[in-house]
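Read through the structure below, which is laid out as structure tokens, and then see the notes.
The values are calculated or read from the model by the stated rules, or taken from the named source; none is laboratory data. If you're wondering where the values come from, they're calculated on a predicted model, not measured in any experiment. When the accessible area is computed, the model is the full protein with side chains, heavy atoms only, and any ligands, DNA or RNA have been set aside. Shrake-Rupley method; radii C 1.70, N 1.55, O 1.52, S 1.80 Å.
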Amino acid sequence: MNITFNTGTGGVSGGNETPSANEVKGFQDGLAGKSDQDLLQGLLQGNLPKWQEQAIKDEMNKRHPEAQQSGGASGTGGGSGSGSSDELDDLVKKLKKGTISDEEIKKLSAISGVPEGELQQEKSKNAADSLGQDSDITGG
């Protein structure tokens, strides 16, 4: 499944470009209409600029504030350094690789709002994909 995220008014596509306030606002407004599954798929794509990834994480945290508390978020940092955002990054990376544990799937489900069954399917798909790409698994 390929999810497209529109950037609003303009078209900042590179990760190094700084978006305008209108582009950020337009993107954030567009996220409000996306499902939890769509948001997670956006993170799994891995080709979004950092500001869009952060906006997706912020939207997920806004939808599921209880997951922030269980994730051990630090309270006094700025908006970008919360523990739950770091934990979300780690869990998404593991899901992409297919190496996420069942316990971590439960955590990711709580943070993202995506049912555990769907995360298990994504894990299985990614694990199968990574097996086909890792050439150093074979003995020598």
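A compact table of results
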| quantity | calculated |
| --- | --- |
| Length gained when the stretch Asp38-Asp89 is fully extended (0.36 nm per residue, less Cα-Cα span) | 16.7 nm |
| Per-residue SASA entry for Glu116, accessible area with 1.4 Å probe, Å² rounded to 10 | 80 Å² |
| Exposure of Lys125 as accessible area (Å², to 10), given a probe of 1.4 Å and all protein chains | 100 Å² |
| Fully extended contour minus Cα-Cα distance, from Lys62 to Asp129, at 0.36 nm per residue | 20.9 nm |
| Cross-link pairs Lys25/Lys125; Lys25/Lys62; Lys25/Lys97; Lys57/Lys97 - those with Cα-Cα distance over 27 Å | Lys25/Lys125; Lys25/Lys97 |
